[in-house]
Amino acid sequence: MGLHSRFSKASAAAVLVCWLLVVFDGYDLIVYGTVQSSLISETGWGLNKATAGTIGSMAFLGMMIGAIFAGRMADSWGRRRTILGCAVVFSVFTALCAFAPNAAVFGGLRLLAGIGLGGLVPSANALVAELVPTKWRSTIATLMMSGVPIGGSIAALVGIQLIPAFGWQAMFLVAVLALVIVVPLGLKYLPETLVPVSAAEKAARKAAGSAGTMKEPSGFSSLLRAPYLGVSMLFALATIATLFAWYGLGTWLPNLMQLAGYNLGSALTFALALNLGAVAGSVITAWAGTRFGPVPTAIAAAAVAAVALVVLITGPSVTVVYLMLVLAGVGTHGTQCLIIAAVASHYPGHLRGTALGWALGTGRIGAVVAPQVGGLLLAAGLGVNSNFLAFAGAAAIAAVLLAAVGIKLKSKLSPSPSPTGVSNV
């Protein structure tokens with residue numbers, strides 16, 4: 001209990017380092033959307049909308065691999081080593097993208113970078129959940145994820161200046177900053193934590209014949225049997241739908257706005273609005289999730305995103321477009337933050353990293369598919385609105401799935417004694 005019975009300066013420093021790494025994680029993810037039109041028009045690689053979508057999917061495919069395995073690694077051999085290893089991987093391979101000679105190498109590098117990007121978030125969230133007091137766990141988990149859209153906002157802001165002046169390659173070299181600044185801070189400030197095991201968990205393990213060992217004996221199989229099976233599947237499906245909407249927008253929005261008649265600078269300001277909305281969503285949902293519970297708040301956030309994206313289809317004024325993109329950012333990213341907070345609160349300590357890896361790893365299916373679907377819709381001549389409609393539909397599906405999570409937690413699980421337990425919905 002010592003780790004999260006108090007919140008020391010050392011713990012605060014560790015949380016800050018994890019958050020900074022998530023900022024770079026977000027930058028490295030969203031950066032592809034800022035350079036996509038440049039890759040299509042300037043590289044001579046023969047990219048079209050469909051193949052650009054395929055390349056956009058490569059990082060998310062890597063993230064799916066990284067999220068699933070890093071969650072288990074973090075639970076098995078330590079959060080610190082897993083977090084720093086992931087940070088080095090995504091920094092090095094993102095920087096190497098600047099030197100890619102063709103689309104195939106570029107896509108391969110994005111895949112490898114994605115493994116590090118996907119592994120960082122569940123590992124960092126699992127570490128932070130151990131360092132903060134239990135009553136703040138849900139709030140901090142949500143605020144931690146603000147780093148993703150802040151990184152995306154930085155990518156859009158930097159792109160407005162850097163791409164016209166130095167070309168798309170410069171955008172990927174920014175990743176070196178994580179390697180030379182934040183990773184050394186991580187070496188200094190990140191603790192190696194023991195996975196907390198409660199008396200009840202020890203008793204359960206002893207009854208299962210695992211007495212004398214501190215290792216979690218069954219990994220993912222624990223999530224896929226009673227009492228976790230139903231809620232684990234619903235969390236995964238809701239994450240798939242949410243990440244489809246969020247990363248579909250993150251990948252295609254600048255290009256969609258250019259196709260709608262805006263220049264690159266204006267298109268990137270629309271991407272900035274989406275990401276700033278997501279930053280605001282992290283803060284708003286952190287408060288609302290603590291006040292009303294993460295699951296009910298997530299249902300509302302997903303519904304807001306769906307409505308905002310439908311409004312975009314009606315061809316509103318530029319002011320309304322900006323407002324709707326802000327709301328779409330609040331809703332899509334806010335929903336994902338709340339799902340992470342709910343998962344971090346719902347599962348016991350020895351399964352927390354594994355559960356986060358499960359939800360985020362399987363959820364990456366949505367992130368992998370979204371860029372491809374966006375490109376195929378455009379290549380089929382269905383227009384910009386087809387993308388917005390697809391992403392709105394995904395957000396609506398997420399709201400329905402989360403409603404099912406809430407119903408299941410109320411009907412099947414006993415209330416958690418933790419003030420942040422998601423059974424308190």
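The values are calculated or read from the model by the stated rules, or taken from the named source; none is laboratory data. This structure is a prediction, so every number in the text was calculated from the model and none was measured. Every residue, glycine among them, receives a Cβ derived from its backbone with ideal geometry; neighbour counts consider all protein chains shown. Accessible surface areas use protein heavy atoms only, side chains included; no ligands, DNA or RNA. Shrake-Rupley method; radii C 1.70, N 1.55, O 1.52, S 1.80 Å.
Taking (1) modelled with pLDDT under 80; (2) open to solvent by 10 Å² or more (accessible area, probe 1.4 Å); (3) β-branched (V, I, T) in turn, V174 satisfies each apart from (1). The set of residues from region 68-107 being among the β-branched types (V, I, T), surrounded by 24 or more Cβ atoms within 10 Å (Cβ to Cβ) and in contact (Cβ under 8 Å) with a residue 60 or more places away in the chain comprises I83, T94.
With respect to the stated conditions, P316 is out of contact with any Cys (no Cβ under 9 Å at 6 or more places or on another chain) and open to solvent by 10 Å² or more (accessible area, probe 1.4 Å). The numbered conditions (1) under 17 Å from the mean Cα position of the chain (by Cα); (2) among the hydrophobic types (A, V, I, L, M, F, W, C); (3) surrounded by fewer than 23 Cβ atoms within 10 Å (Cβ to Cβ); (4) modelled with pLDDT under 90 are all true for W252 except (3). Taken together, the criteria exclude T134 from residues that are at pLDDT below 85 and surrounded by 23 or more Cβ atoms within 10 Å (Cβ to Cβ). Would region 379-390 turn up any residue that is more than 19 Å from the chain's Cα centre (by Cα), among the β-branched types (V, I, T) and part of a helix (DSSP H, G or I)? Among the residues of region 379-390, at least one is more than 19 Å from the chain's Cα centre (by Cα), among the β-branched types (V, I, T) and part of a helix (DSSP H, G or I), which makes the answer yes. Only residues that are open to solvent by less than 10 Å² (accessible area, probe 1.4 Å) and closer than 30 Å to Y228 by Cβ were counted in region 353-375, giving 13.
Quick grid of which residues meet (1) surrounded by fewer than 24 Cβ atoms within 10 Å (Cβ to Cβ); (2) in contact with a Phe, Trp or Tyr (Cβ under 6 Å, 6 or more places away or on another chain); (3) without any contact (Cβ under 8 Å) to a residue 24 or more places away in the chain; (4) within 30 Å of N263 (Cα to Cα):
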residue	(1), (2), (3), (4)
Y27	no, no, no, yes
G62	no, no, no, no
I65	yes, no, no, no
L109	yes, yes, yes, yes
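Counting only residues that are open to solvent by 70 Å² or more (accessible area, probe 1.4 Å) and under 21 Å from P316 (Cα atoms), which one in region 376-390 is modelled with the highest pLDDT? If we take residues in region 376-390 being open to solvent by 70 Å² or more (accessible area, probe 1.4 Å) and under 21 Å from P316 (Cα atoms), then L389 is modelled with the highest pLDDT. Being in a helix (DSSP H, G or I), among the small types (G, A, S), open to solvent by less than 10 Å² (accessible area, probe 1.4 Å) and at pLDDT 85 or above is true of A305. Hey, does region 121-131 have a residue that's farther than 16 Å from A175 by Cβ and surrounded by fewer than 19 Cβ atoms within 10 Å (Cβ to Cβ)? The answer is no; no qualifying residue exists.
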